[in-house]
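Engineer: The structure that follows is given in the form of structure tokens.
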Amino acid sequence: MSHAIQHSIRRTTGTLLVFGTILTTAFLFGAFDGTRSSAQNAGRVVPNLIEPAKTMWSEVAPEPSSDSDQRGPKVPRKYRAYHLDVPAMDAVIKNLSSGAAEHTLEIPMPDGSLTNFRVVESPVVEKGLSDKYPFLQTFRGQGLDDPSTTLRFDFMNGTFRAMVMSPRGIILVDPHPDATKEIYMSYFLGDSSSPNSTSFCPIDFERQRILKDVLPEKPIGQQVFAGDVQRTYVIAIGTTAQWTDLMGGGTLAGGLERVVGILNRIDLFYERDLAIHLV
């Protein structure tokens, strides 16, 4: 929610308990990275930006796709491939996590450009859980050149994932499923892969159809804002053993990593449209 960066807001806390499985939600908001698994209020942003020493992203040739794992999601029909300087990103994350001032961060775009964002830590897990699993770190950002462009990203266990909501549409940055974890895809939601008969789950088809129906592919115009009060709701999420095995490598930590990453992206919509922050 970009206005939360520009204004001091009051936050109230409610409780929202959601029981059952996250499987459908995972496929609706999990994007298309085929990798497996590898916290409350960020407060008011202050204006002393820390400038990055150099760009962390360099464009590379697209990786060839592989059909070796038929269960995994396919790469988008159209995307730009980038190499990420992981140590440089890790340094930025450590700086933000230490309570330092906000940072500027470049995010690669599907047109080959880099867009600058003002970013701060913005947890989507409660303190007790983040103390136990300190790698569950999430962040939010606002475009420096275009304040209507908003960002949510995470960097957990050396893997970067981001979602950008801009006047040009929804942009995703995900690890390439057929490359090393330093190679990433930047693509528009509308360029996601077409359904095919080899996909392991029909929910994958439905995810693509629903997202393309409900999310705008054309410019969205001025950002929607739902008032000057952001409400924080506590959400309880459960997963199935099958989902945790598939997406989280069969471990509790791995499952938490993927759930937190998905919730982080969901918050991008809830904060912008409803002024609600889910934790």
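The values are calculated or read from the model by the stated rules, or taken from the named source; none is laboratory data. Only a predicted model underlies this, so the values are computations on that prediction, with no experimental measurement involved. Positions of Cβ are generated from backbone atoms using ideal geometry, with glycine treated the same way; all protein chains shown enter the neighbour counts. All accessible areas refer to the heavy atoms of the entire protein, side chains included, with ligands and DNA or RNA removed. Shrake-Rupley method; radii C 1.70, N 1.55, O 1.52, S 1.80 Å.
Engineer: Collect the residues in the stretch 117-135 that are over 16 Å from Ile235 (Cα atoms) and either among the aliphatic types (A, V, I, L, M) or in a helix (DSSP H, G or I) (or both), keeping them in residue-number order.
Structural biologist: Correct list: Val119, Val120, Asp131, Lys132.
Engineer: For the stretch 248-268, what are the residues that are open to solvent by 30 Å² or more (accessible area, probe 1.4 Å) and in a helix (DSSP H, G or I)?
Structural biologist: At the first step, the residues of the stretch 248-268 found to be open to solvent by 30 Å² or more (accessible area, probe 1.4 Å) are 249-253, 256.
Answer for the stretch 248-268, where residues must be open to solvent by 30 Å² or more (accessible area, probe 1.4 Å) and in a helix (DSSP H, G or I): Leu252, Ala253, Leu256.
Engineer: Shifting gears a bit: Please enumerate the residues belonging to the stretch 176-188 that are of a type outside the set (Gly, Ala, Ser) and either more than 19 Å from Asn264 (Cβ to Cβ) or surrounded by fewer than 22 Cβ atoms within 10 Å (Cβ to Cβ) (or both). Please lay out each step first, then the result.
Structural biologist: Keep residues of the stretch 176-188 that are of a type outside the set (Gly, Ala, Ser), which gives 176-178, 180-185, 187-188.
Answer for the stretch 176-188, where residues must be of a type outside the set (Gly, Ala, Ser) and either more than 19 Å from Asn264 (Cβ to Cβ) or surrounded by fewer than 22 Cβ atoms within 10 Å (Cβ to Cβ) (or both): His176, Pro177, Asp178, Thr180, Lys181, Glu182, Ile183, Phe188.
Engineer: Is one or more of the residues making up the stretch 190-207 open to solvent by less than 60 Å² (accessible area, probe 1.4 Å), modelled with pLDDT of 85 or more and within 25 Å of Arg80 (Cβ to Cβ)?
Structural biologist: Yes: one or more hits.
Engineer: Pick from the stretch 124-152 the residues that are within 17 Å of Ser166 (Cβ to Cβ) and of a type in the set (A, V, I, L, M): which of them is most open to solvent (accessible area, probe 1.4 Å)?
Structural biologist: Here the answer is Leu144.
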